[in-house]
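**Q** Input: one structure, supplied below.
The values are calculated or read from the model by the stated rules, or taken from the named source; none is laboratory data. As the structure is a computational prediction, the values presented were derived from the model and not from experiment. With ideal geometry, Cβ positions are generated from the backbone for all residues, glycine too; neighbour counts draw on all protein chains shown. Note: areas computed on protein heavy atoms with side chains; ligands, DNA, RNA excluded. Shrake-Rupley method; radii C 1.70, N 1.55, O 1.52, S 1.80 Å.
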Amino acid sequence: MNKTKSLLKSVFGYDSFISLQESIIENVLAKKDSLAVMPTGGGKSLCYQIPALIFKGMTVVVSPLISLMKDQVEQLVQTGVAAVYLNSSLPSDEYHRNTVRVKEKAVKLLYLAPETLLKANIIEMLSSVQVDCFAIDEAHCISQWGHDFRPEYRQLAKIRSGFPESVCIALTATATPRVRLDIKSNLGIDSSGEFVAGFDRENLFVQVVPKKDPLNQTVQFIQKFPNQSGIIYCFSRRQVDDLNTYLTRLGYSIKPYHAGLSESERNQNQEMFIRDDVQIIVATIAFGMGIDKENIRFVLHYDLPQTIESYYQEIGRSGRDGLRSDCLLLFAYGDIQKIKYFINKKEGQEKRVASIHLNSLLRFAETDECRRIPLINHFGEKYSKNNCGMCDNCLADAKTKIDITIYAQKFLSCVKRTGEIFGAIHIIDVLRGSEGKKVFNFGHQHLSTYGIGTDFSKRQWVHLSRQFINKELLVQDTEFGGLKLTEKAWAVLKGKETVMGRVEKEEKKYVVKKIVDPDYDHNLFEILRKKRKELADLSKVPPYIVFSDKTLVEMAARYPQNRNDFMDIHGVGIAKYENYGRIFLDIIQSYCSQHQIELPAESMPEEDLSAYRAPKKLRHIVIGDAFNSGISIREIMEEYNIKIDTVLNHLYRYLQEGRPLKSKGILSLSSLSDKENAIALELFDSLGTEHLGPVFRELNGRIGYDDLKILRLHYMINNQL
Ligand code: ADP
Ligand code: ZN
């Protein structure tokens, strides 16, 4: 097993196996036929790629999707693995070249479309080389019960039996027992070879909101993801086209995808999306099969999906890199009728299955418990956590409702006094006593509501105003965005009705923002992203094949300065380092010196280590001593005009050099709950304090480096390290 671990790091750049990878790999290496059922993004590919590197002979991978095949081969080549593919899309000279390499036994992995594998000359070729493993991807295509039955898949078993020395691994993301049974009996896999992973995708934030003003809701949602990839799913082609036109007019980088477009147009749009040349795809459900893009950050369901399974698949296309991704469903009762109409056209069993699926979907949409409960239950698993922390309902529970009548009254009367023609932002400016031009132009500084809302920040007021709209105290003019009072608003103003709601906690100024959003240098990330795009275009591959978003995020959080640091970053193996290490290190180093970013003591540029260290030595002692004398971290930040991160680095170094530090006031800097603190602290027990990367990754990036640094200090002080 040591061999597999070291390949995992040196080739793929990962620290540890995830999910069931390790047991599956072990099983395959023991030449036992296996079925791996893991959700999309669950890490299925490594289950045969690592054995392929260990087997003497070749591994044949059968994959039905030509685009995916190309993608995977490109990815492997980038990591330094000899892989090729053969399918009907290849120009004949390349096809020929690839077969020559296979015959010369120069490749470890050969990807094939199922129909290619059935050809006599291919079978002959494979018989002339040693095939150690057949990996059958998207194995649900074997089953008529699956959503994508392909007759050629039925014949794979026969081919396979001509290679008795080889082991077979089937892989799929479809979990239903019926399909699993079919795959196993068709390929002759026994139950001990079956591995089914959990279906919870923890990094997906799941949210359902009533569909009220969908165009606006869409814009508000996608605004949160500038330059980041996302998919919008619609029910009909017309809706796709309308939304595409609307968002294009607003200046969004977006392309449509549906069956009404020509194949070449569809392919072109998909390709642009994959290569980050276009940010958003608005699509009917037809989109997404066969794309392996890792950095999809959001999925918006503009309309209700058809079944809970399709919903799960569609949201599952986001966040394959393990980083947080946001999934929003706009839910309207009217949409149910559309789906029912289609269900009613079906018959018998099919109709029954469809309505069961619809009902599961409704349970999911209407629950006020954790959304993961109905979602996971549908796949025959029980969801046992109390609070997932990654769905709208769980987060809402964390904050209890309070009486916000008085704030509603302030806001509503300000809307009234300004003439019911302004949007929320202007109202908030008046409430907060802004001295902005617009306020003065309208003479709103003379209103009695001017400056009566200074107790809340702008953000808190925006959050409140949204609740007022949701509670139908206000309606928004669709064309100009002005707010108007409703009947209900008058009842509130007259004190006849109370309003219950939530006030958002104001962020503590010096502490990391969101726990779920790993803290990193967004400017540097942008620079690295551009470089990645440039390099990807040069080698004609999608950007995520050069480095995943997760990899860039980690670079932008940790500022690696040398080979060691760089190789410690998620997703960096030897080949990636050799191809790109220098280029990215140069950018990061010059960025650091340009912005005078003080580096943690452990990661100085190799070249001028001594020059760097000498002048700073004093600084961390000064700062450590200051802290010990009772000066707070906040005061230190002001005094020396440095970021919290820098203070933490100095204190860490102070400790590392064996100087004792007081613990007072450190833990309280953490922006996390006690429970989260405890989880992270416990991880230091097993993973050590030397490097934060492993802890960060163990938590899937849910806790940012700033908080981890705080917790590490606390941990070290209390454990006298
Ligand atoms: P699937 O085929 O199951 O949809 P992939 O094999 O494409 O999933 O893996 C999804 C992503 O998960 C990959 O892009 C890779 O970055 C990541 N991944 C896979 N295995 C590991 C691992 N052991 N450690 C960290 N990340 C991993
Ligand atoms: Zn939840």
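**Q** Report the local net charge at residue 455: Lys and Arg +1, Asp and Glu -1, summed over other residues whose C-beta lies under 10 Å from its C-beta.
**A** Within the 10 Å Cβ shell, the charges total +2.
**Q** Taking the Cβ of residue 120 as the centre, find all other residues whose Cβ is under 15 Å away and add up their charges (Lys, Arg: +1; Asp, Glu: -1).
**A** -1
**Q** Turning to a different aspect of this structure: In debye to the nearest 20, how big a dipole does the stretch 396-504 give about its Cα centre with +1 on each Lys and Arg Cβ and -1 on each Asp and Glu Cβ?
**A** Numbers: 17 positive and 12 negative charges, 28 e Å.
Computed about the Cα centre, the dipole is about 140 debye.
**Q** Please give the FRET efficiency for residue 120 paired with residue 3, using the beta carbon to beta carbon distance and R0 = 41 Å, rounded to the nearest 0.05.
**A** My answer for the efficiency is 0.65.
**Q** Do any GluC sites (Glu not before Pro) in the stretch 114-192 lie in a loop, going by DSSP, with at most 12 other beta-carbon atoms within 10 Å of their beta carbon, and if so which?
**A** The qualifying sites are 165.
**Q** A follow-up question, please. Tally Lys and Arg at +1 and Asp and Glu at -1 over the other residues with C-beta under 15 Å from the C-beta of residue 418: what net charge comes out?
**A** Net of charged neighbours comes to +3.
**Q** Also, I was wondering about something else. How big is the gap, in Å, between the Cα center of the stretch 695-721 and the Cα center of the stretch 327-361?
**A** Taking the Cα centre of the stretch 327-361 as reference, the centre of the stretch 695-721 is 46 Å away.
**Q** Using +1 at the C-beta of Lys and Arg and -1 at the C-beta of Asp and Glu, which of 10, 357, 53 has the Cα lying farthest in the positive direction of the dipole of the chain?
**A** Value: 357.
**Q** Would you kindly state how much longer the chain becomes between residue 405 and residue 583 on full extension, computed as 0.36 nm times their sequence separation minus their alpha carbon distance, in nm to one decimal?
**A** Working it through step by step, the gained length comes to 58.4 nm.
**Q** Give the distance, in whole Å, between the Cα centre of the stretch 543-597 and the Cα centre of the stretch 228-293.
**A** 31 Å
**Q** I would also like to ask the following. Where nothing but the Cβ of Lys and Arg (+1) and of Asp and Glu (-1) is charged, how large is the charge dipole of the chain around its Cα centre, in debye to the nearest 20? Don't jump to the answer; show the numbers that get you there.
**A** Numbers: 95 positive and 90 negative charges, 198 e Å.
For the chain, the charge dipole is close to 960 debye.
**Q** Now, a different point. I want to make sure I understand the PRE zone here: with the label point 7 angstrom from the Cα of residue 662 toward its beta carbon, which residues in the stretch 686-718 have backbone N atoms less than 17 Å away?
**A** 714, 717-718, by backbone N distance to the label point.
**Q** Here's something else I'd like to know. What is the dipole size for the stretch 38-159, taken about its Cα centre, with +1 at each Lys and Arg Cβ and -1 at each Asp and Glu Cβ, in debye to the nearest 20?
**A** Dipole magnitude for the stretch 38-159 comes out near 300 debye.
**Q** Could I ask something else about it? How much accessible area per residue does the stretch 2-196 have, counting only protein heavy atoms and a probe of 1.4 Å, in square angstrom?
**A** Roughly 40 Å² per residue, with all protein chains present.
**Q** If R0 is 35 Å, what FRET efficiency do you get for residue 77 and residue 259 from their C-beta distance, rounded to 0.05?
**A** Here the calculated transfer efficiency is 0.60.
**Q** Considering the alpha-carbon set of the stretch 204-395 alone, what are its Rg and its Dmax in angstrom?
**A** Rg, Dmax (Cα atoms, Å): 16.4, 48.
**Q** Here's a follow-up. Counting DSSP beta bridges with both partners in the chain, what percentage is antiparallel, nearest 5?
**A** On the way: 5 of 54 bridges.
Here the share of antiparallel DSSP bridges comes out near 10 percent.
**Q** Do any trypsin sites (Lys or Arg not before Pro) in the stretch 648-696 lie in a loop, going by DSSP, with at most 12 other beta-carbon atoms within 10 Å of their beta carbon, and if so which?
**A** Working: sites: 653, 662, 664, 675; in loops: 662, 664.
The qualifying sites are 662, 664.
**Q** Given a Förster distance of 30 Å, report the FRET efficiency between residue 595 and residue 209 from their Cβ-Cβ distance, rounded to the nearest 0.05.
**A** Efficiency, rounded to the nearest 0.05: 0.15.
**Q** Taking +1 at the Cβ of each Lys and Arg and -1 at the Cβ of each Asp and Glu, which of 236, 78, 452 sits farthest along the dipole of the chain towards its positive end, judged by Cα position relative to the Cα centre?
**A** Result: 452.
**Q** Per residue, how much accessible area does the stretch 522-599 show when a 1.4 Å probe rolls over the protein heavy atoms, in square angstrom?
**A** Ligands and nucleic acids excluded, the result is 38 Å² per residue.
**Q** Now a separate question. How large are Rg and Dmax for the stretch 149-202 when calculated on the C-alpha trace, in angstrom?
**A** 12.6, 41
**Q** Against the 2.2 N^0.38 Å scaling, with N counting residues, where does the stretch 356-500 land? I'd like the Cα-based Rg ratio to two decimal places.
**A** 1.34
**Q** The chain: D in µm²/s via Stokes-Einstein (Kirkwood Rh, Cα pairs, 20 °C, 1.002 mPa s)?
**A** 75 µm²/s
**Q** On a C-alpha basis, how far is the centre of the stretch 111-141 from the centre of the stretch 64-92 in Å? Whole number, if you could?
**A** Measuring centre to centre over Cα atoms gives 14 Å.
**Q** Take residue 56, project a point 7 Å from its Cα along the Cβ direction, then tell me which residues of the stretch 107-148 have their backbone nitrogen under 15 Å from it.
**A** Hits in the stretch 107-148 for residue 56 at 15 Å: 129-133.
**Q** A further question on this structure: Keeping all protein chains in the complex and leaving out DNA, RNA and ligands, what accessible area do you get for residue 466 with a 1.4 Å probe, in Å² to the nearest 10?
**A** Looks like 120 Å² after rounding.
**Q** Hey, another quick one. Summing -39500 (n - 2.57) over the DSSP H runs of n ≥ 4 in the chain and dividing by its residue number, what mean residue ellipticity at 222 nm do you reach, to the nearest 500 deg cm²/dmol? List each step's numbers first, then the result.
**A** Details: 34 runs with 343 residues, N = 721.
Using -39500 (n - 2.57) per qualifying helix, the result is -14000 deg cm²/dmol.
**Q** Percent of accessible area on the chain owned by carbon and sulfur, 1.4 Å probe?
**A** 50 percent
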